[in-house]
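The values are calculated or read from the model by the stated rules, or taken from the named source; none is laboratory data. Please read these numbers as outputs of a predicted model, since none were measured by experiment. No Cβ is skipped: glycine too gets one built from the backbone with ideal geometry, and neighbour counts run over all protein chains shown. Accessible surface is based on the protein model in full, side chains and every heavy atom, while ligands, DNA and RNA are left aside. Shrake-Rupley method; radii C 1.70, N 1.55, O 1.52, S 1.80 Å.
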Amino acid sequence: KNFSVLNYCLQLRRTSDSNRHTIPRFQPQPSEASKNLTQLIASEFDSLMNSEAHAFSYSLLIRLGCYRYQEIAAPLCIDALKYLLWDVTEDKKDDIIQVLINRELVSFDTRQGYTLHPSIRDEALTRLRRSDDWMSANTIAASYWADKITNVNEVEDGIQALEAYHHYMSIESYQDAA
């Protein structure tokens, strides 16, 4: 099934017979590893999408694709996630977010806040663009940033304030971006 692992094992056996102190490094084919990761991520998305119990978790996951985690100067707090659950009652939002954390699709760190791995974000963004939520998710995300940043006192505040502009430009809402 996986010839690169098999080749590594055979190489390891040959090496250990001749020289026990030299162990070759396993180097999977980059395209193979990337393909496997992409398939794994897609299967996790599909699992959520096909589960009636996790329909809102799937919706949140793809909507989270609109945030640009690496470009934001401050941690993404839980309110940013809750904004994207506009169609869910407040008492259910934490449970929906927890499903994504438990499946390790969303990570949380006290310093970095909530984040998506870049490969998960790519899949989320691709699916979001094909969904009916593209416009709404970006409009709501822009509202989040506009509500969060009322004064620009530091460079980080300015970068966050520009996120609203980014979301409006993404959906070609030039009037709102101005």
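Key figures for this structure:
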read-out	value
Helices (runs of 4 or more DSSP H) wholly inside the range 71-178 containing at least 3 residues that are of a type in the set (A, V, I, L, M) and either on the phi > 0 side of the Ramachandran plot or surrounded by 17 or more Cβ atoms within 10 Å (Cβ to Cβ) (or both)	90-102, 118-130, 134-148
Criterion: more than 20 Å from ALA141 (Cα to Cα), open to solvent by less than 50 Å² (accessible area, probe 1.4 Å) and either at pLDDT 95 or above or not aliphatic (A, V, I, L, M) (or both) - qualifying residue of SER59, SER18, SER51	SER51
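Condition check ((1) farther than 21 Å from SER43 by Cβ; (2) touching a residue at least 60 places away in the same chain (Cβ under 8 Å); (3) among the hydrophobic types (A, V, I, L, M, F, W, C)) across all residues:
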| residue | (1), (2), (3) |
| --- | --- |
| GLU104 | no, no, no |
| TYR114 | yes, no, no |
| ASP122 | no, no, no |
| LEU125 | no, yes, yes |
| ASP147 | yes, no, no |
| THR150 | yes, no, no |
| GLU154 | yes, no, no |
| GLN160 | yes, yes, no |
| TYR174 | yes, no, no |
